[in-house]
Amino acid sequence: MKRFFYYFIWSIAIAFIVYLGLQLQELLKERMQTTFNLIPYWLYVAIFPFVVGLLLRTPKFMLERKEKRIGGFDWSKFLGVGLPSLLILVLSVIPFLPLPFENMPYPEFYNQISLILFSSTTAQTIAGLVFGYTLLDSFKSEERGFQESTSDLFNAVMKFTPKG
């Protein structure tokens, strides 16, 4: 029952933070429409889902940390899942940042990607959630890894496979 209340309180807290974040997003959207300054809104659209992704993984991460079950970092998960989602976030924000090489032309593939992915905020939202969650999930737990559980499954299937 203690564990239920732990997750229930976290759920209420996350829902409240998401509610406040969406209110702030609407405020930034209204301000963007009146001042024609796109930078604060697009930065927020990229950063807020990342924070929500972190919050979604935080309850389990804190339990693992409290039980001292974290032992390393899963680079393959981070590089395979986290890095591509971070790339989507960075590519969505680059046009709005005042960089020293601001007049440098973008590569041809960027125009096609930006038209498909960044015509709405859906890609940034999904990428931010995935990156935030994956960042905390990449800290290795000392439980049985994916490799071991997959090999156990393979061995169990092979045990009942007819030989012939």
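Could you give log10 I(q)/I(0) at q = 0.13, 0.24 Å⁻¹ for the range 59-129, computed by the Debye formula over C-alpha point scatterers of equal weight, without solvent? Computed log10 I(q)/I(0) values: -0.56, -1.12.
Of all the accessible heavy-atom surface of the range 1-98, with the other protein chains kept in place and a 1.4 Å probe, what percent is carbon and sulfur? Numbers along the way, then the final one.
Working: 4760 of 6580 Å².
With neighbouring chains kept in place, the figure for the range 1-98 is 72 percent.
With the simple model of a label 7 Å out from the Cα in the direction of the Cβ, Ile17 to Asn37 spans 2.6 nm.
Amide H contacts of Phe139: Asp74, each under 5 Å away and 5 or more positions distant or on a separate chain (H built 1.01 Å from N in the peptide plane; Pro and chain starts excluded). For the range 26-102, take the convex hull of the Cα atoms, compute a quarter of its surface area, and give me that in nm², please. So the Cα hull casts an average projection of 7.4 nm².
What FRET efficiency do you get for Ser120 and Leu79 if R0 is 35 Å and r is their Cβ-Cβ distance, rounded to the nearest 0.05? Don't jump to the answer; show the numbers that get you there.
Details: r = 27 Å, r/R0 = 0.78.
It comes to 0.80.
The values are calculated or read from the model by the stated rules, or taken from the named source; none is laboratory data. If you're wondering where the values come from, they're calculated on a predicted model, not measured in any experiment. Here Cβ is always computed from backbone atoms with ideal geometry, including for glycine, and neighbour counts include all displayed protein chains. Please note that ligands, DNA and RNA were not included when accessible areas were found on the heavy atoms of the full protein model with its side chains. Shrake-Rupley method; radii C 1.70, N 1.55, O 1.52, S 1.80 Å.
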